[in-house]
Amino acid sequence: MSKWSFTSLASTGYGSNAAAMPAAESRKVLNVGGNDKRIPIPGHYAGWRHDLLDIDASARPDVLCDARQMAEKLPGGSYDAVYCSHNLEHYFVHDARKVLQGFAHILKADGFAEIIVPDIGAVIRLIAQFDLDLADGIIESPAGEICGRDIIYGWAQQIEQSGNDFFAHKNGFTHKSLRLMLQEAFGFVVTIPAAERLELRALAFRQKPDAAVLARLGVAADALAATEAQ
């Protein structure tokens, strides 16, 4: 089995062939748990105000807040979008629900949340297909190999070096479980498996968007059709 490269798994590849969303100074995206604003976010947010929310003050976030407390601490209807990449799996299931309720709270009526998480179903199938051990490397990154155990439970090297067990994964998602949890907080959800990235991408809206909005976010017609058939 050849290992995936770190760049092939970069979440910023999503929407790279789609047009940027209509830009205006008033459009704002909240990057939840992004750790560092220098880490790129997808191109469809070009021209938007980019605010970082993080619990870690050393990340110098624009909004210093525990994401589980957004519904209590942040004003409602204040953002056009939420971007959350590889963060939702760091909460227990009941806390992840609080985070998603916070997303829905801070979004405007026509706003959306874009969420990316590891695809645990794809990881399990890969491990079974190639008879891998949890310690066997799956992804090549500049920092070294990432093994199945890292994807499922959290990157061991980061947890050890930081001394912060918040970096551990307390939850995991498959295509179905992610969609069902999002549907508890949002009116319209599109989930898009990306097995080649070992990731799941989801777009969750407070109200159903028109097809043009979905196209600008890189949602293919077949993915939309599959969602509407569910």
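Checked against (1) under 25 Å from Phe173 (Cα atoms); (2) at pLDDT below 95; (3) more than 16 Å from the chain's Cα centre (by Cα), Tyr14 passes all but condition (3). So for segment 24-40 (the condition being among the charged types (D, E, K, R), modelled with pLDDT under 95, within 17 Å of Phe205 (Cα to Cα) and buried (at least 16 other Cβ atoms within 10 Å of the Cβ)), does at least one residue qualify? Yes, segment 24-40 contains a residue that is among the charged types (D, E, K, R), modelled with pLDDT under 95, within 17 Å of Phe205 (Cα to Cα) and buried (at least 16 other Cβ atoms within 10 Å of the Cβ). Whether any residue in segment 49-71 is closer than 20 Å to Lys208 by Cβ and out of contact with any strand residue (DSSP E or B) (no Cβ under 7 Å at 6 or more places or on another chain) is what I want to check. Checked segment 49-71: no residue is closer than 20 Å to Lys208 by Cβ and out of contact with any strand residue (DSSP E or B) (no Cβ under 7 Å at 6 or more places or on another chain). Checked against the criteria, Asp62 does not count as within 18 Å of the chain's Cα centre (by Cα), of a type in the set (Asp, Glu) and either at negative phi or modelled with pLDDT of 95 or more (or both). For Val219, the conditions (1) modelled with pLDDT under 90; (2) part of a helix (DSSP H, G or I); (3) aliphatic (A, V, I, L, M) are fulfilled apart from (2).
Scanning segment 153-177 for residues that are in contact (Cβ under 8 Å) with a residue 12 or more places away in the chain and out of contact with any Asp or Glu (no Cβ under 9 Å at 6 or more places or on another chain) turns up Tyr153, Trp155, Phe167, Ala168. If you go through segment 180-208 and keep only what is touching a Leu at 6+ places or on another chain (Cβ under 9 Å), at pLDDT 90 or above and surrounded by fewer than 19 Cβ atoms within 10 Å (Cβ to Cβ), you end up with Glu184, Phe188.
The values are calculated or read from the model by the stated rules, or taken from the named source; none is laboratory data. For clarity, every value in this text was computed on a predicted model and none was experimentally measured. FYI the Cβ positions are ideal-geometry reconstructions off the backbone, even for glycines, and counts take in every protein chain you see.
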